[in-house]
1. Based on the Cβ-Cβ distance from Lys190 to Ala106, what FRET efficiency comes out when R0 is 41 Å, to the nearest 0.05?
2. Can you tell me how much longer the chain between Tyr150 and Tyr211 gets when fully stretched, taken as 0.36 nm per residue apart minus their C-alpha distance, in nm with one decimal?
3. Using label points projected 7 Å from each Cα along Cα→Cβ, tell me how many nm separate Lys77 and Lys131, to one decimal.
4. If packing is taken as the average count of other Cβ atoms within 10 Å, what order do 13-19, 60-66 fall into, highest mean first?
5. Multiply the residue gap between Asp90 and Ala113 by 0.36 nm, knock off their C-alpha separation, and tell me the result in nm, one decimal place.
6. Which number do you get for Rg(Cα) / (2.2 N^0.38 Å) in region 79-133?
7. If you take the charge dipole of region 15-108 about its Cα centre, with +1 on Lys and Arg Cβ and -1 on Asp and Glu Cβ, which of Ala82, Leu57, Ala98 is farthest toward its positive end?
8. Extending each Cα 7 Å along its Cβ direction at Thr166 and Leu17, get the distance between those two points in nm, one decimal.
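Every number in this text was worked out from the coordinates using simple rules, so none of it is lab data. If you're wondering where the values come from, they're calculated on a predicted model, not measured in any experiment. In this analysis, Cβ positions are derived from the backbone assuming ideal geometry, glycine residues included, and neighbour counts consider all displayed protein chains.
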Amino acid sequence: SGLATEEYVPLDLSFNLSQVVKIQIGKGEGDAKTNQKGLSFALVKNEKDTWRIPEFLNARADQKKIDDFLKEVQAAKGELRAKDKSLFPDFEIEEKKAFKVSLLDASDTSLLAFLIGNKLAGDNLIFIRRKDSDDIYVTSAKLLALMGIYGKPAGEVPKPDYWAATDFLKLKPDSIDRLQVIQFQKGKEKIKAHIRRVPGSDGGSKKKWEY
């Protein structure tokens, strides 16, 4: 039998945090019959130590979300549930269905790669295995939630926009004096709209918008 009953093998998702410069996230392998591709995107740290999302307009990624996720991976503890490749479909943790995460260093070498099953083990419990192992563990690590997956995993896919930083929206309205809407036409910028704030007619500190 591939089931583990009394054997204790600790879940090991160790890696050198300082070496991680790329996080590859995906789900499934795709379907050759329907020509549907497996979903995959990356979070990449640049030379300025800023994380970016190339597949999402190269937007800046949320540093806290990445830090929280990597810390949760490092701290994950689990119990062995199975150690037989033939049981992968029972946990929906085979390559063609599972969520996939790879942590890579500057030379694009994998530091850690693991898969999360589409089937939940219970409330807040997930199945997980290292890519290079047939051992399947159950863990309470909140890895799916920290990837933006809150519903039943079978019906969800990881989305690059979840990782995008939103602090650029936290602007103080009083600090804005001009707004422009710019459209790119044949590689050149063209201003489509322009409004600015100017002193009010009373000459006081209150300003008004002028088109």
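1. Rounded to the nearest 0.05, the efficiency is 0.55.
2. 17.6 nm
3. So the label points at Lys77 and Lys131 sit 2.8 nm apart.
4. The peptides rank, most packed first, as 60-66, 13-19.
5. Stretched fully, the Asp90-Ala113 segment lengthens by 6.2 nm.
6. 1.21
7. In region 15-108, that residue is Leu57.
8. Going from the Thr166 label point to the Leu17 one covers 2.5 nm.
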